[in-house]
1. Could you tell me, in Å, what Rg and Dmax come out for the Cα atoms of the range 3-86?
2. Can you give me the long-range amide H partners of VAL50? Hydrogens built in the peptide plane at 1.01 Å from N, cutoff under 5 Å, separation of 5 or more residues or another chain.
3. Considering only DSSP beta bridges with both partners in the range 3-86, what is the antiparallel share in %, to the nearest 5?
4. Round to the nearest 0.05 the FRET efficiency obtained for HIS52 and ASN15 when R0 = 30 Å and r is the Cβ-Cβ distance.
5. Using a Förster radius of 30 Å, what is the FRET efficiency between HIS34 and GLU5 based on their Cβ-Cβ separation? Nearest 0.05, please.
6. Subtract the Cα-Cα distance of ARG43 and GLU61 from 0.36 nm times their separation in residues, and report this length gain in nm to one decimal.
7. Cβ under 14 Å from THR59's Cβ, THR59 left aside: what net charge do those residues give with Lys, Arg +1 and Asp, Glu -1?
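Readers should treat all values here as calculations from the given coordinates under stated rules, not as data from a laboratory. Not measured: the values here are computed from a predicted model. Virtual Cβ from ideal backbone geometry, glycine too; neighbours counted across all protein chains shown.
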Amino acid sequence: MSADEKKTVRIEDENDRWRFTCPRGHRDWEPTNHHFWCATCARAETVDGVFHELLDQRTDELYARDEVQLLTPVGPYDRDLDYRETKA
Ligand SMILES: [Zn+2]
């Protein structure tokens, strides 16, 4: 899958923070290496903070971790995933 086919999410951009949420609609999530993690869900006793698909509030679509290209102000977040050919 090339970067062009991925959904770009600027994880520190205010508009994208409002648009992309955890499946329960929270905005205080963070990416992890293979999943996402939501601080609000983690505080709920009955729910695991880890989640696997970002919810696009505009389209109601869900995006798995490998279907999004996460961008930070200093460049792509997914260095490991972008250079997977270097993986043993
Ligand atoms: Zn949440």
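1. 12.6, 40
2. CYS38
3. Of the beta bridges lying entirely in the range 3-86, close to 75 percent run antiparallel.
4. 0.80
5. Computed FRET efficiency for HIS34 and GLU5 comes out at 0.95.
6. On the way: separation 18, 0.36 × 18 = 6.48 nm, distance 2.48 nm.
Using 0.36 nm per residue and subtracting the Cα-Cα distance, I get 4.0 nm.
7. Net of charged neighbours comes to -3.
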